[in-house]
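Written out below as structure tokens is the structure these notes cover.
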């Protein structure tokens with residue numbers, strides 16, 4: 001009789017502690033006092049400063065397109081190339097010294113500069129060495145997409161989104177979303193800085209994530225989603241799955257009792 005009571009108590013504890021709750025699986029939940037309220041978030045996003053390994057897309061336009069042609073990469077050599085391939089071959093990668101090599105202009109240091117500052121630097125060099133003011137040159141400098149990596153309980157691999165700004169929610173969605181056993185309350189963002197890498201934590205189940213300084217990802221971020229403790233038990237995420245598992249365990253234990261008490 002004591003064994004049966006212990007078995008029932010064990011099953012009850014297992015049921016209470018092992019199921020993944022709706023709260024753990026839901027994104028951007030509002031606080032009770034904020035339900036149905038208008039969310040106003042002031043985003044103070046600092047301009048991104050270029051780092052080693054970034055890939056830049058640079059285009060130069062002017063009235064005389066023949067002269068401009070020597071500065072722009074030739075993208076028509078492989079018309080069947082995908083966007084990713086063309087960006088890789090035609091873009092300008094920042095080397096370990098923080099420089100890019102631009103046709104005719106040579107090496108230009110871009111490490112620590114914003115896109116706007118790099119554009120102004122190139123425009124100034126072109127006006128000083130190659131063009132007159134009347135040429136009406138127009139330079140665009142952009143990061144060739146936001147590249148990041150995902151690991152853990154999320155679609156794993158290298159991802160790229162061709163936008164100027166990408167939120168953590170967009171990055172997660174682009175990777176296929178977080179799996180049921182993923183810990184949404186402690187999503188890790190491993191970010192590169194000149195002094196090294198740092199780990200930041202963001203809780204994507206909480207509406208306060210919208211005002212987090214890490215809500216916007218940066219190029220070369222690594223997003224890691226670790227599993228919840230429930231995954232180690234391997235008994236299911238939903239109440240029905242848990243019920244089936246516990247029922248199976250109870251049935252197995254009951255069978256063993258019958259066999260050994262005969």
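We did not get these values from a lab; they are worked out from the coordinates using the rules stated. Because the structure is predicted, anything quoted here is derived from the model rather than measured. Glycine gets a Cβ as well: all are built from the backbone with ideal geometry, and neighbour counts include every protein chain shown.
Given q = 0.14 Å⁻¹, what are the Debye log10 I(q)/I(0) values for region 92-171, with equal point scatterers placed on the Cα positions and solvent ignored? Computed log10 I(q)/I(0) values: -0.62.
Normalised by the number of residues in region 55-143, the mean separation of alpha-carbon contacts (under 8 Å, six or more apart) gives a relative contact order of 41 percent.
Spatial offset of region 104-122 relative to region 125-182 amounts to 18 Å, using the alpha carbon center of each. Here the calculated FRET efficiency for residue 190 and residue 120, from their Cβ-Cβ distance with R0 = 30 Å, stands at 0.45, rounded to the nearest 0.05.
For region 55-143, a Kirkwood hydrodynamic radius built from all Cα pairs, placed in the Stokes-Einstein relation at 10 °C and 1.306 mPa s, yields a translational diffusion coefficient of 116 µm²/s. Residue ranges 183-196, 144-157 sort as 144-157, 183-196 when ordered by packing (mean number of other C-beta atoms within 10 Å per residue, highest first). Here the extension length gained between residue 46 and residue 203 equals 54.4 nm, from 0.36 nm per residue of separation less the Cα-Cα distance.
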